[in-house]
Amino acid sequence: MRDFNYPMTGEMWSCKMTERELKFREGYKIAKCCSPDSNDTITGYFSYNNVLIVHKTSCDNLKKAESKRLVSLSWEEILEKKAEEPDQDFYVLDELDFRILQHHHVMGVDYSWMVANVLNIDPEQTFERHKKLKNLKLLKRVEPVMIQYRKNVVDNKWIKHRNHTYYQITPKGEGYLNFFISKNKTGA
């Protein structure tokens, strides 16, 4: 498996929302212009350097931004979570499900045919796995917006959402994947 370098992973950012440091999920950065806190509704701006900049929805800078680059966010989505013991859904997953979750973790937003191609698995099986992972709330469908093209493959390239069904890993999916990886590292 290819090793990817994520400069944002684990970076600590100070926020007004608490006196302690918060750890954000990879690829998110708090906007310095408006410094959102936990009482604010937040919106992400897909920057040209592959980072989602988190602004207050009421930030004046967002009024000047390309609307196709804006996405509604929640605090739950952007804060990194510890690998906690997952619920019983975890135990209905197999290695292929975790390979698909890992693909979305590394590559970001993608569609079934491309995942099948990259992982060298049957496309019909990938469609079914995506459906299963979506029903378990481990993946979510991506609304038709501008998306980053092939994360970590082509820098600073954006495409319009095509007629494919695109999926993105959810915080719950990240938690399951982290638990699976930590469980396999410790041999538990």
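The values are calculated or read from the model by the stated rules, or taken from the named source; none is laboratory data. Everything numeric here is computed off the predicted structure, so don't read it as measured data. Note that we place each Cβ from the backbone using ideal geometry, even for glycine, and neighbour counts take in every protein chain shown.
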| note | Scanning the stretch 146-180 for residues that are over 15 Å from GLU77 (Cβ atoms), among the charged types (D, E, K, R) and modelled with pLDDT of 55 or more gives ARG162
| query | Of the residues that make up the stretch 95-108, is at least one surrounded by 11 or more Cβ atoms within 10 Å (Cβ to Cβ), at pLDDT below 85 and not hydrophobic (A, V, I, L, M, F, W, C)? | reply | yes
| task | Return the only residue of GLU76, GLU66, GLU143 being modelled with pLDDT under 90, surrounded by fewer than 18 Cβ atoms within 10 Å (Cβ to Cβ) and in contact with a helix residue (DSSP H, G or I) (Cβ under 8 Å, 6 or more places away or on another chain). | result | GLU76
| request: Show the residue pairs that are 6+ apart or on different chains and have beta-carbon atoms under 6 Å apart, the first residue being within the stretch 36-56 and among the aromatic types (Phe, Trp, Tyr), the second being assigned to a loop (DSSP other than H, G, I, E, B). | output: TYR45/ALA65; TYR48/ASN156
| task | For the stretch 6-60, name all the residues that are modelled with pLDDT of 75 or more, of a type in the set (Lys, Arg) and surrounded by 13 or more Cβ atoms within 10 Å (Cβ to Cβ). | result | ARG25, LYS29, LYS56
